[in-house]
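For reference, the structure discussed in these notes is given below.
The values are calculated or read from the model by the stated rules, or taken from the named source; none is laboratory data. In this text the structure is predicted, and so the values were computed from the model without any measurement. Cβ placement follows ideal geometry from the backbone for every residue including glycine, while neighbour counts extend to all protein chains displayed. Note: areas computed on protein heavy atoms with side chains; ligands, DNA, RNA excluded. Shrake-Rupley method; radii C 1.70, N 1.55, O 1.52, S 1.80 Å.
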Amino acid sequence: MSESEPDEPSGTASTNETESADETDAPADTESADDTRSDEVEGDSHYAFWADEVADAIEARDPEEPIVVKGGISPSGVPHLGNVNEIMRGYFVAEVLRERGWAVRQVFTTDDRDPLRKLPRKLADLDGNIVDLGDVNAGALGRNLGHAYTDIPDPFGCCDSYGDHFSTLIAESAELLDVPIDVVSTTELYESGRMDDVVEHVLRNREQAREVLSEYQDKVDEDYVPFNPFCSNCGKVTETVTGVNVDERTVEYRCTDIEAGNRTIEGCDHEGTAIFREGKLPWRFEWPAQWQVLGVDFEPFGKDHAEGSWPSGVDIAETVLDIEPPEPMVYEWFTLDGEPFSSSEGNVVLAHDVLELLDPEVVRFFFAKDPNRARDFSIERLDQLVDEFDRVERLYYGEESGTEQEERRAERVYPFLVSLTDVPPEALAKSELFEAVADGEAEHAVTFDHNDTHDRERRREFVDEAFRQRVRLPYTFAAVLGMFDDDSARMATAKKEGHVADDDPEWAVEDAFGRVALASEWADRTDNEYNYTVARTEMPDVSVDGDTATALDDLADFVAEGADGEAIQGEIYESARRHDLDVGGFFAVGYQLFFGETEGPQLGYFLDDLDREFVVGRLRREA
RNA sequence: GGGCCGGUAGCUCAGUCCGGCAGAGCGUCUGACUCUUAAUCAGACGGUCGAGGGUUCAAAUCCCUUCCGGCCCGCCA
């Protein structure tokens with residue numbers, strides 16, 4: 001539910017019940033110093049995972065099944081990583097509740113009935129490629145200011161509407177992270193008539209509605225009507241309702257100018273009549289109305305709502321609609337390399353982008369952290385995030401020990417980070433559990449009912465066992481491997497460094513090397529120290545003294561005879577020593593010859609990976 | 001001006017709700033090893049827990065004040 005520039009997440013999980021009045025027999029604070037129930041400290045009163053606390057609060061409401069977890073955003077432009085909060089934070093809570101045996105429905109509203117108020121600077125095609133506004137038909141888009149997103153043609157021409165286009169991208173984000181959500185179009189809610197009753201209720205009680213809202217918004221005056229019809233003449237949303245006929249379920253309006261930010265969107269002066277399905281409630285009412293229509297029990301939202309639309313929404317829900325508002329959770333916003341996320345600029349805003357750099361489980365891990373803290377999604381230091389995840393994973397599988405706190409958290413959180421779609425198809429196909437379903441193709445065609453407890457357990461168990469056999473290449477190491485062209489060279493280096501063992505399952509090894517592409521992309525995008533380039537066309541300027549020259553010639557002869565990586569690596573040491581050279585210095589000369597740098601990858605293995613002729617020639621300083 | 005959230009090692013953060021020796025990873029430094037971009041192993045260094053006051057036998061943690069940062073308190077979502 002955010003739309004402007006800095007849409008981010010951040011969290012605040014405050015939920016004080018403020019139940020001041022518990023009078024009667026409150027056996028509460030019996031200071032009973034008795035021992036009898038010697039408080040066995042370290043109970044589980046203190047959760048390792050925030051989602052458990054939220055789940056407690058939801059259960060305390062005595063909800064009906066299925067428990068409805070909601071999230072939502074306005075499909076105003078490129079959905080960025082901050083928006084993914086609306087999906088992931090709810091997901092963890094949903095999964096905890098499912099683990100506790102509850103049926104949960106996670107819905108996601110795309111608030112596509114909202115009017116386009118300003119043109120975004122960047123758009124994205126369905127593959128997630130960022131495109132400048134100027135590269136699509138900006139003029140056509142400009143003529144649609146004030147129109148509902150679902151009434152605006154898709155600038156890319158691939159979806160039914162502008163709103164549909166970006167809703168599709170959001171839905172894809174959830175899918176990429178294997179989060180099962182029901183995407184609900186707000187436009188569809190209105191047009192299908194599902195909102196009619198709430199709209200009628202609000203308009204029937206518009207006096208009261210106005211009164212309540214006026215406590216939160218100064219602009220609410222006597223003429224305020226909590227409904228915005230779309231003009232039947234020009235299609236623009238209009239804020240001037242001149243008459244209400246609740247029984248007929250219609251309103252009369254005049255199409256006047258509306259203010260959007262610092263500009264005015266002109267109305268056409270048309271006067272008409274609209275039915276409820278031809279308009280929308282203002283956001284402050286629409287949100288609570290969604291809670292009612294969808295039966296929402298829990299909803300996370302960004303901190304921008306915490307002091308704005310949330311308090312008024314609660315009041316409207318309780319006073320006007322007479323419903324219980326959902327359990328709230330505020331999340332802090334993320335920044336991208338220190339800057340606010342913005343739908344209109346930058347790259348790496350989409351889940352699609354992030355997944356070119358990170359394993360999906362690492363992305364989920366990022367969202368499993370305390371929502372209450374603002375975090376920076378630092379591309380530069382993605383290796384830290386990955387390392388942190390890898391450690392949590394090792395802690396979970398008991399392959400490493402940590403502090404008690406770390407181990408508790410790892411044990412509790414890790415299972416929610418890995419998903420069936422993360423398991424390579426080969427492993428899936430080999431599983432006895434999945435034999436029946438996987439016989440056709442080794443596809444991830446296995447679908448589970450997330451709310452079926454038995455299915456859920458089988459899935460969790462399987463994933464747990466599969467990942468126990470996983471192979472992980474440290475992220476930066478994977479970046480190093482990215483410089484090798486040849487798979488066998490990569491494998492040799494990985495084995496030598498002990499990241500791959502001979503008895504590791506083939507599928508796990510293959511899967512592990514998937515990180516090479518991710519880390520290489522990272523090295524490439526950040527152009528960091530792992531982004532080495534072999535200086536092929538021109539020999540770097542290196543001064544080589546007599547002994548060094550001889551040693552290099554020796555080495556060249558050795559390579560020319562056809563030695564493998566390990567042998568070359570050994571020969572580098574040998575030839576240096578033979579000529580009384582400092583080994584480190586000799587390596588440095590090697591790196592300079594091939595990269596123009598003083599450091600580089602394990603040279604022997606790397607040279608083996610390059611074509612022999614080039615290597616020999618360069619060692620002889622010929623070209 | 002009012003409200004919400006955050007401020008803990010050079011970096012990224014746990015720990016704060018429930019007071020009990022200030023923690024982890026990374027980085028740095030030392031040493032080891034066929035020293036070479038990720039290393040690995042052993043060890044060390046590293047903290048006015050934003051600041052001040054209060055409560056307490058004991059405070060990063062609870063209370064009050066205060067500083068800094070983000071957001072909200074117009075509209076829109």
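Annotations
- Looking only at region A:579-623, and only at residues there that are within 14 Å of RNA strand B (Cβ to nearest atom) and of a type in the set (Val, Ile, Thr), the one that is nearest to the chain's Cα centre (by Cα): A:598
- Put simply, of A:523, A:492 the only residue that is more than 24 Å from residue A:377 (Cα to Cα) and in contact with a Gly (Cβ under 8 Å, 6 or more places away or on another chain) is A:492.
- Strands (runs of 3 or more DSSP E) contained entirely in region A:228-316, each with at least 2 residues that are surrounded by fewer than 16 Cβ atoms within 10 Å (Cβ to Cβ) and within 12 Å of RNA strand B (Cβ to nearest atom): A:258-260, A:263-265
- Wholly enclosed helices (runs of 4 or more DSSP H) of region A:451-501 bearing at least 3 residues open to solvent by less than 30 Å² (accessible area, probe 1.4 Å) and within 13 Å of RNA strand B (Cβ to nearest atom): A:475-481, A:487-496
- Region A:593-610, residues that are at pLDDT 80 or above and closer than 12 Å to residue A:536 by Cα: A:593, A:594
- Number of positions in region A:203-261 that are touching a helix residue (DSSP H, G or I) at 6+ places or on another chain (Cβ under 6 Å), β-branched (Val, Ile, Thr) and in contact (Cβ under 8 Å) with a residue 40 or more places away in the chain: 3
- Candidate set: region A:63-121, residues that are outside any strand (DSSP E or B), away from RNA strand B (no atom under 13 Å from the Cβ) and among the basic types (Lys, Arg); chosen: the one farthest from residue A:137 (Cα to Cα): A:100
- Of all residues making up region A:558-582, the number that are in a helix (DSSP H, G or I) and touching a residue at least 12 places away in the same chain (Cβ under 8 Å): 14
- Considering A:561, A:571, A:566, the condition of being within 13 Å of RNA strand B (Cβ to nearest atom), among the acidic types (Asp, Glu) and over 19 Å from residue A:485 (Cα atoms) is satisfied by A:571 alone.
This table checks each residue for (1) in contact with a strand residue (DSSP E or B) (Cβ under 9 Å, 6 or more places away or on another chain); (2) among the hydroxyl-bearing types (Ser, Thr, Tyr); (3) free of Cβ contacts under 8 Å to residues at least 24 places away in the same chain.
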{"position": "A:493", "(1), (2), (3)": "no, yes, no"}
{"position": "A:498", "(1), (2), (3)": "no, no, yes"}
{"position": "A:507", "(1), (2), (3)": "no, no, no"}
{"position": "A:516", "(1), (2), (3)": "no, no, no"}
{"position": "A:526", "(1), (2), (3)": "no, yes, no"}
{"position": "A:532", "(1), (2), (3)": "no, yes, no"}
{"position": "A:535", "(1), (2), (3)": "no, no, no"}
{"position": "A:543", "(1), (2), (3)": "no, yes, yes"}
{"position": "A:546", "(1), (2), (3)": "no, no, yes"}
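- The lone criterion from (1) under 30 Å from residue A:511 (Cα atoms); (2) touching a residue at least 60 places away in the same chain (Cβ under 8 Å) left unmet by residue A:337 is number (2).
Each row is one residue, and each column tells you yes or no for (1) within 11 Å of RNA strand B (Cβ to nearest atom); (2) within 14 Å of residue A:526 (Cβ to Cβ).
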site: A:333; (1), (2): yes, no
site: A:353; (1), (2): no, yes
site: A:357; (1), (2): no, yes
site: A:369; (1), (2): yes, no
site: A:372; (1), (2): yes, no
site: A:386; (1), (2): yes, yes
site: A:390; (1), (2): yes, no
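- Tabulated pairs, region A:583-604, first within 17 Å of residue A:546 (Cβ to Cβ), second modelled with pLDDT of 80 or more and within 6 Å of RNA strand B (Cβ to nearest atom), C-beta under 9 angstrom, 6+ apart or interchain: A:586/A:573
- Residue under evaluation residue A:515, criteria (1) more than 12 Å from RNA strand B (Cβ to nearest atom); (2) farther than 14 Å from residue A:619 by Cα, criterion not met: (1)
- Test: residue in region A:339-354 that is of a type in the set (Phe, Trp, Tyr), open to solvent by less than 30 Å² (accessible area, probe 1.4 Å), within 14 Å of residue A:83 (Cβ to Cβ) and not in a loop (DSSP other than H, G, I, E, B): no
- Residue in region A:398-406 that is in a helix (DSSP H, G or I) and either buried (at least 20 other Cβ atoms within 10 Å of the Cβ) or of a type in the set (Ser, Thr, Tyr) (or both) present: no
- Here residue A:564 clears all of (1) under 25 Å from residue A:477 (Cβ atoms); (2) at pLDDT 80 or above except the condition numbered (2).
- Enumeration of residues in region A:180-194 that are more than 14 Å from RNA strand B (Cβ to nearest atom) and open to solvent by less than 20 Å² (accessible area, probe 1.4 Å): A:193
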